[in-house]
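What follows is one structure encoded as structure tokens, with my remarks underneath.
A short reminder: the numbers here are calculations on the coordinates, not readings from a lab. Nothing here was measured: the structure is a model prediction, and the numbers come from that model. Every residue, glycine as well, gets a Cβ built from its backbone with ideal geometry; the counts of neighbours run over all protein chains shown.
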Amino acid sequence: MDNSEMKFELDFPGRNPELPQEFSEKPYIKVYIASALTGREDDRDYDDRVRASIRDVFSKAAYQKVPYLIKYQAYDPAEHTSPGSSHQPEEVYHIDFKQLIGSDFALFYVNAASLGVGIERQIAGMGGVPAAWISREVEEVSRMFQGSFGGSLFKVKFCSLEELKLKLANEVSKFGPELFQKALRRRQIIRSFRKAKIPQLFFKRRIFLNIPTERIAKETGIGEFWWIQIERDPSGLIAGGTFTPILSCQLREILRAGCGMSDCGFPHFNLENNLGEVEDQSLDNLYETYISRKDITDDEVVRHVWENHSSKKFPNEDNTLWESNAPVSKEEWLLRICECEKIMREEQENGRISRVLQINLKTLSDTHRKSVDTLCAFLCTVNQVSDQNLTRLWKHFLKDIEDKTAARGGDATKMRLYSVEDWRNLFNGLHFQD
């Protein structure tokens with residue numbers, strides 16, 4: 001069969017047995033498209049057409065690795081985290097960072113001076129993501145950008161969208177084999193991140209030593225939100241892009257752990273937990289439970305749950321743990337976490353009630369004190385009730401008690417306690433807008 005008769009198959013999982021296993025999960029070359037988004041209202045239509053042209057080029061491009069074609073898949077932040085989306089600033093950085101560091105190629109459309117694009121260029125450079133850039137002939141590209149750490153495979157200057165598509169398609173075709181080889185090597189490294197289980201090891205050591213993320217953030221200068229994301233990313237992508245030698249040394253001191261290099265050159269923490277096999281597996285299960293929760297479990301809750309567990313196993317002053325018959329399962333950890341969250345939420349709401357309403361629980365009557373308990377239980381079943389509406393609830397409660405006491409001739413001894421359902425009905429009746 002000659003080449004003209006050869007049939008090419010699309011590169012879907014399971015259809016390419018001759019492709020390296022690194023392409024089994026993502027059977028395409030992933031392209032990250034970076035461009036200025038903030039403050040581009042006047043040029044938005046043109047920028048949209050440029051990005052659409054870029055996506056069109058990559059949707060039609062392919063690298064032939066006989067008898068298969070390796071396609072390209074583009075990720076454009078403008079379609080996911082553009083200005084005006086519901087994402088918080090930390091979320092935008094987190095999402096775009098992970099998408100970029102996990103890409104095989106980054107294309108920068110330099111359409112304006114942009115802090116975001118500059119940050120993305122540095123992330124790509126430090127993360128070893130091959131990159132190139134394009135710009136209009138009339139745009140001046142800063143020397144700082146052109147001389148960035150990562151270098152560029154190519155650059156394209158254009159005057160029209162037709163010229164852009166023609167030049168870009170030509171460069172993509174020319175560098176296809178090199179991009180494939182670079183993608184193959186980076187994916188091998190990224191796969192080793194996952195095997196190293198750095199986020200899991202970091203979490204286990206930190207929980208074992210009862211170190212809050214707040215302290216880690218303070219001593220490293222890196223945001224607490226970011227440490228939470230590092231731990232919750234079992235792929236190791238975020239850790240792989242952030243754990244520089246300087247940061248690794250800081251962590252070694254904080255975690256009181258030895259730090260060496262794994263076979264792939266990734267930081268490896270020597271935990272020395274003095275844990276037995278059962279307890280080590282319990283910590284592994286706690287980690288799996290922690291990252292499986294869609295809502296981010298409070299760090300204090302996790303540390304408290306482990307502390308309660310381990311304190312029952314420290315019979316002596318030394319740090320030798322007693323072995324139990326079986327590790328704590330993920331299901332059991334989840335039950336303990338939910339129970340701890342409930343208790344801590346009740347304590348927080350109870351303290352807020354005393355603070356906002358300016359009452360001393362010890363001086364309240366038995367009826368009022370027990371009604372405060374049910375109020376606290378009600379607050380734990382709904383989203384955050386503002387301090388202002390909490391005050392309104394209490395005032396209406398006092399008025400209701402006063403009216404019902406008066407109707408009984410001033411006898412409050414037979415007053416029915418306010419139940420959780422009573423508080424809910426009162427809450428709904430006031431038409432709160434929380």
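For the chain, what is the percent of antiparallel DSSP beta bridges, rounded to the nearest 5?
So the antiparallel bridges amount to about 30 percent of the total.
What does the net charge come to around residue 399 if you take all other residues with beta carbon closer than 15 Å to its beta carbon, with K and R at +1 and D and E at -1?
Neighbour charge sum, excluding residue 399 itself: -1.
Which angle between 0 and 90 degrees, to the nearest 10, do you get for helix 366-379 versus the longest principal axis of the chain when only C-alpha atoms count?
10 degrees
So how strong a dipole does region 3-195 carry about its Cα centre when Lys and Arg Cβ are +1 and Asp and Glu Cβ are -1, to the nearest 20 debye?
880 debye
Using the Cα centre of the chain as origin and beta-carbon charges of +1 (Lys, Arg) and -1 (Asp, Glu), tell me which of 70, 306, 240 is placed farthest towards the positive end of the dipole.
So the residue furthest toward the plus end is 70.
Just to confirm my numbers, what's the Cα centroid distance between region 53-78 and region 140-213 in Å?
That distance is 16 Å.
How large is ³J(HN,Hα) for each residue in region 381-393, as worked out from phi by the Karplus curve 6.51 cos²θ - 1.76 cosθ + 1.60 (θ = phi - 60°), to whole Hz, x for Gly and Pro?
Each residue's phi maps through the Karplus curve to give 9, 10, 5, 3, 9, 5, 4, 5, 6, 5, 4, 5, 4 Hz.
Where Lys and Arg each count +1 and Asp and Glu each count -1, what net charge lies around residue 376 among other residues with Cβ under 15 Å from its Cβ?
Residues close to residue 376 contribute a combined charge of -1.
Hey, could you grab the Kirkwood Rh for region 3-195? Inverse mean 1/r over distinct alpha carbon pairs, Å, one decimal.
Its Kirkwood hydrodynamic radius stands at 17.5 Å.
Which value, in debye to the nearest 20, gives the size of the charge dipole of region 141-263 about its Cα centre, when Lys and Arg are +1 and Asp and Glu are -1 at the Cβ? Could you put the intermediate results ahead of the total?
Values: 22 positive and 11 negative charges, 69 e Å.
Using Cβ point charges on Lys, Arg, Asp and Glu, region 141-263 gives about 340 debye.
Running a GNM on the chain with Cα contacts under 10 Å, which residue among 71, 404, 174 ends up with the highest mean-square fluctuation?
404
Set the bar at 18 Å for Cα to Cα. Now go through 65/165; 342/399; 30/182; 60/157 and name every pair that lies beyond it.
65/165; 342/399; 60/157
Based on the Cα atoms of region 359-429, what semi-axes does the equivalent ellipsoid have, where each is the square root of 5 times one gyration tensor eigenvalue, given in whole Å with the largest first?
21, 13, 11
Find out how many positive minus negative residues lie around residue 103, taking Lys and Arg as positive, Asp and Glu as negative, among other residues whose Cβ is under 12 Å from that of residue 103. Could the numbers behind the result be given before it?
Details: positive: 26, 30, 98, 182, 186, 187; negative: 76, 96, 104, 120.
Spelling it out: positives minus negatives among the neighbours equals +2.
Taking the Cα centre of the chain as origin, work out the dipole magnitude from +1 charges on Lys and Arg Cβ and -1 charges on Asp and Glu Cβ, in debye rounded to 20.
Roughly 200 debye, rounded to the nearest 20.
Okay, helix-only estimate at 222 nm for the chain: each DSSP H run of n ≥ 4 adds -39500 (n - 2.57), divide by all residues, round to 500 deg cm²/dmol; what do you get?
Numbers: 16 runs with 227 residues, N = 434.
The helix-only estimate for the chain comes to -17000 deg cm²/dmol at 222 nm.
Just to be sure I understand the curve: with the Debye formula and one point per C-alpha of the chain, what is log10 I(q)/I(0) at q = 0.08 Å⁻¹?
After summing over all Cα pairs, the log10 values are -0.67.
Report, to the nearest 10°, how far helix 330-357 tilts away from the longest principal axis of the Cα atoms in the chain, using its own Cα long axis and a range of 0 to 90°.
60 degrees
Quick check: the angle from helix 299-311's long axis to the longest principal axis of the chain, C-alpha only, nearest 10 degrees?
For helix 299-311, the angle is close to 70 degrees.
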